[in-house]
Amino acid sequence: MNIDTSIRQFLTGQSAKAYEIFGAHADHQYGKDGIVFRVYAPYAANMELVGDFNNWEGWQMNRRPDGVWTIFCDNIPWGALYKYRTTTPNGEKIDRADPFAFCSELRPGSASRVWDIDHYHWRDGDWMEYQRKAFKNYTRPMSIYEVHAGSWRRIQEGKEQAPTAEEREFGRMLTYRELADQLIPYVKEHHFSHIELMPLTEHPFDGSWGYQATGYFSATSRYGDPYGLMEFIDRCHQANIGVILDVVPLHFVTDFFGLHQFDGGFVYESANPEERYTEWGTVLFDYTKPHTLSFMKSSLDFWINYYHIDGLRYDAVSQLIYKNGVPGQFNDNAPGRWFLCNTNFYLQQTYPQVMLMAEDSSNYIKVTAPPQYGGLGFDYKWDLGWMNDTLEYLGLHPNDRYQARNMLMFSMAYFYDDLFILPLSHDEVVHGKRTIIDKLWGDYDQKFSQLRLLYLYMCAHPGKVLNFMGNELAEFREWDEKKELGWNLMTYPVHDAFNQYCRQLHTIGGSYRALYDTEYDPRAFRWLDTPGNPPTVFAFARRSADGKQTVVCVMNFGLHPETVRVPAGSWRELVNSDDSRFSGSGVVNEGEITGSIKLAPLSGTILVMEQ
């Protein structure tokens, strides 16, 4: 495809490969090898290329009639820093980073880097073939470990030479390769199937956690170069671990080296100030503009194509459905929904093995239905209703739970309307919300009893599961992106026992078919009656696709021990949250089980029967 056709597709919203044209690319012109730079800046009065290769003195770029500026240069080395010096319509000159840069200068610097991104040698062929047959993991176990790369673990050695004051105080961040050395074995030991990385698109402010970006094609340089990230993902795949990436198609930062009023006009955002800004002070992408659609669609394609990403989790989907995320007659966000439908349809057709996930707090229907059937085209949706109701229920005094039974049962009333993931994410352990264990009612020991019960319920409930890093440590300190997790907690027996318990649950969740191969089949789930027990006792059954395996989950959210009848048959206890191995009181059900089981206060069990 020639350049003119590619640019025309970009301008008309039909491009998903704009990164092949725009940015800095190796080229051969005028009998010389060099680099060609292209940037779309339709409102600019003039554009010049500046960099460390010309002492930041401008080299004149050439304007095409369609608003694309270009220049070919030889003798520019890979890794060179550059920007576009933009002269706005009112004569102001501003140096801008390249919207399509593949690599960026380490913050607080904001220049782009010339980068050869085409020569990493992948070794994940077996994994990629496996994924093509996995069919989105609908009938396979999936337990996701959500990670912020900069704070999972910090290195104290040599922190005096770290680039920021924060790192010099709390330890330097791991590089992509160091993360591979340490995180992959940890994830394997804990039996997670996937790692979900909070955004790695380049961003200026550490405190945004990556959700306020400037470089939509640039892996953040905080942790190394693009090949370092490719190696991390490659090594994950070789260890049979999938990688999901958070992406932010809603908004971008106002920093003036980025996309905001890029050439003095409103290239990627709305000219209407009432439709331009978010509640966070960031700038909304304007999807009424076809080239903005091409830009973001190309970004998502790029991460899948170049980085072999196995899934994309879209942030703040409710605000792409409704203006400000609030349903209402005048809040319909038709351009945002068109972006979702158009982009997701393309990605589903082009990369059918890649999972698309929606962090959506709205009640919009058909989020996980295909666009051709009136849906938004996602494969999974975060079940924020389950998360909110469950945590609210567990925050009640057990005596108040008698009147709140529906709070714990409501998730199954709508569960089969979409394809849900059960999330206990980073959003639940920051900004004064307290950590998961600290939200629960009771004293120290009662909190741990209920935490074990919560995770047993999460394991047994239909739906794939996601946990933010540190949840498995039973952290009492809220997550702080400046500090590593509280690894010292593993020296305390009760925390270490909870960590072992989480490993056991992940093993069970991935080993018993009834817990994963019919999660989205309503015929495979049923609530069980618990006659003679108070309303704080719950029980449900799930069966495998072949009907030969059934599991039963029985839970006691009350303060008194209970004896609960179980369905007819011969059962075996897989795990009990009150097991003394996990710092419980030791009330378990051993051997062959028929008729009934006993449960300690604030405890639960998972039973299995094979045919």
Notebook entry, point to check: Zone of GLU92 (label point 7 Å along Cα→Cβ, backbone N under 19 Å): which residues in segment 36-70?
Noted result: 41-48
Notebook entry, point to check: So for the chain, Kirkwood radius off the Cα pairs, Stokes-Einstein at 4 °C and 1.567 mPa s: how many µm² s⁻¹?
Noted result: 50 µm²/s
Checklist line | Two-decimal Rg to Rh for segment 127-184 - Kirkwood Rh, Cα set | finding: 1.21
Note to self: Suppose the chain between HIS28 and ASP332 were pulled fully straight at 0.36 nm per residue; how much longer would it get relative to their current alpha carbon spacing?
What the structure shows: 104.6 nm
Next item on the list: First obtain the Kirkwood hydrodynamic radius of segment 1-48 from its Cα pairs, then insert it into the Stokes-Einstein equation at 20 °C and 1.002 mPa s, and state the resulting D in µm² per second as a whole number.
Entry: 177 µm²/s
Note to self: Over the Cα atoms of segment 76-208, each weighted equally, I'd like the Debye log10 I(q)/I(0) at q = 0.13, 0.15, 0.16, 0.17 Å⁻¹, rounded to two decimals.
What the structure shows: -0.84, -1.03, -1.10, -1.17
Notebook entry, point to check: When each pair of different Cα atoms in segment 341-458 is counted once in the 1/r mean, what is the Kirkwood radius in angstroms, to one decimal?
Noted result: 16.1 Å
Notebook entry, point to check: If you take the charge dipole of the chain about its Cα centre, with +1 on Lys and Arg Cβ and -1 on Asp and Glu Cβ, which of MET296, ALA541, LEU197 is farthest toward its positive end?
Noted result: ALA541
Notebook entry, point to check: Ignoring ligands, DNA and RNA, what accessible area per residue does segment 1-107 give at 1.4 Å, in Å²?
Noted result: 46 Å²
Next item on the list: Can you check what the net charge comes to around ASN589, using other residues whose Cβ is under 14 Å from the Cβ of ASN589 (Lys, Arg +1; Asp, Glu -1)?
Entry: -3
Next item on the list: Report, to the nearest 10°, how far helix 290-307 tilts away from the longest principal axis of the Cα atoms in the chain, using its own Cα long axis and a range of 0 to 90°.
Entry: 60 degrees
Notebook entry, point to check: Tilt of helix 176-189 relative to the longest C-alpha principal axis of the chain, in degrees (0 to 90, nearest 10)?
Noted result: 20 degrees
Next item on the list: Calculate for the chain the 222 nm mean residue ellipticity that helices alone would give, adding -39,500 (n - 2.57) per DSSP H run of length 4 or more and normalising by residue count, nearest 500 deg cm²/dmol.
Entry: -7500 deg cm²/dmol
Item checked: From the C-alpha gyration tensor of segment 464-536, square roots of 5λ in Å -> 32, 17, 13
Check: Using just the C-alpha positions of segment 427-574 as equal point scatterers, what log10 of I(q)/I(0) does the Debye formula give at each q in 0.09, 0.15, 0.19, 0.20 1/Å?
Finding: -0.34, -0.89, -1.23, -1.30
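Taking only C-alpha pairs under 8 Å that are 6+ residues apart, what is the relative contact order of the chain in percent?
Here the relative contact order equals 11 percent.
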Check: Taking N as the number of residues in segment 353-400, what is its alpha-carbon radius of gyration divided by 2.2 N^0.38 Å?
Finding: 1.56
Checklist line | For segment 539-595, convex hull of alpha carbons as volume per residue, Å³ | finding: 101 Å³
Notebook entry, point to check: For ARG503, what charge total do you get from the other residues with a beta carbon under 10 Å from its beta carbon, if Lys and Arg give +1 and Asp and Glu give -1?
Noted result: -2
Next item on the list: Assuming a ≥ b ≥ c are the square roots of the Cα gyration tensor eigenvalues, decide whether segment 1-96 counts as rounded (a/c under 1.5), prolate (otherwise, with a/b larger than b/c) or oblate.
Entry: oblate
Notebook entry, point to check: Does segment 263-335 classify as rounded, prolate or oblate by the C-alpha gyration tensor (a ≥ b ≥ c root eigenvalues; a/c under 1.5 gives rounded; else a/b over b/c gives prolate, otherwise oblate)?
Noted result: oblate
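Heavy-atom accessible area per residue, segment 117-228, 1.4 Å probe: how many Å²?
Value for segment 117-228: 39 Å² per residue.
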Notebook entry, point to check: In segment 394-492, if every C-alpha pair distance is counted and binned at 10 Å from zero, what percent goes to each bin?
Noted result: 13, 42, 35, 10, 0
Item checked: Largest to smallest accessible area among CYS73, CYS341 [probe 1.4 Å] -> CYS341, CYS73
Note to self: Less than 12 Å Cβ to Cβ from ASP578, Lys/Arg counted +1 and Asp/Glu -1: what total charge do the surrounding residues give?
What the structure shows: -1
Notebook entry, point to check: Across segment 160-212, how large is the tail of the calculated P(r) beyond 14 Å, expressed as a percent of all Cα pairs?
Noted result: 67 percent
Check: To the nearest 10 degrees, how steep is helix 493-511 against the longest Cα principal axis of the chain, on a 0 to 90 scale?
Finding: 80 degrees
Note to self: Suppose each label sits 7 Å from its Cα in the direction of the beta carbon; what would the GLN349-ASP480 distance come out to in nanometres?
What the structure shows: 5.0 nm
Next item on the list: Give the Rg/Rh ratio for segment 47-129, taking Rg as the radius of gyration of the Cα atoms and Rh as the Kirkwood radius, to two decimals.
Entry: 1.10
Margin query: On a full-extension model of 0.36 nm per residue, what is the gain between ASP52 and MET412, subtracting their alpha-carbon distance, rounded to one decimal in nm?
Written below: 123.7 nm
Next item on the list: Grab every C-alpha pair in segment 91-144, bin the distances at 10 angstrom width from 0 up to the longest one, and report whole percents.
Entry: 17, 24, 20, 25, 9, 4
Notebook entry, point to check: How long is the gain from SER580 to TRP487 if the chain were fully straight, where each residue apart is worth 0.36 nm and the alpha carbon distance is subtracted?
Noted result: 31.2 nm
Notebook entry, point to check: On the accessible surface of segment 280-430, probed at 1.4 Å, how many percent belong to carbon and sulfur atoms?
Noted result: 53 percent
Note to self: Taking all protein chains in place and a 1.4 Å probe, what share, in percent, of the accessible surface of segment 1-121 do carbon and sulfur account for?
What the structure shows: 47 percent
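A 32 angstrom limit on the alpha carbon distance is what I want to check against. Which of LYS133/LYS447; LYS17/LYS482; LYS447/LYS482 exceed it?
Beyond 32 Å: LYS133/LYS447; LYS17/LYS482.
Using a/c under 1.5 as the rounded threshold, could you call segment 263-402 rounded, prolate or oblate? The axes a ≥ b ≥ c are square roots of the C-alpha gyration tensor eigenvalues, and prolate needs a/b larger than b/c, oblate otherwise.
Working: a/c = 2.09, a/b = 1.38, b/c = 1.51.
Since a/c reaches 1.5 but b/c is at least a/b, the shape of segment 263-402 is classed as oblate.
The values are calculated or read from the model by the stated rules, or taken from the named source; none is laboratory data. Bear in mind that the values here come from a model prediction, so they are computed numbers and not experimental data. Positions of Cβ are backbone-derived with ideal geometry, glycine not excepted, and every protein chain shown enters the neighbour counts. Just so you know, the surface numbers come from the protein's heavy atoms only, side chains and all, with ligands and any DNA or RNA stripped out. Shrake-Rupley method; radii C 1.70, N 1.55, O 1.52, S 1.80 Å.
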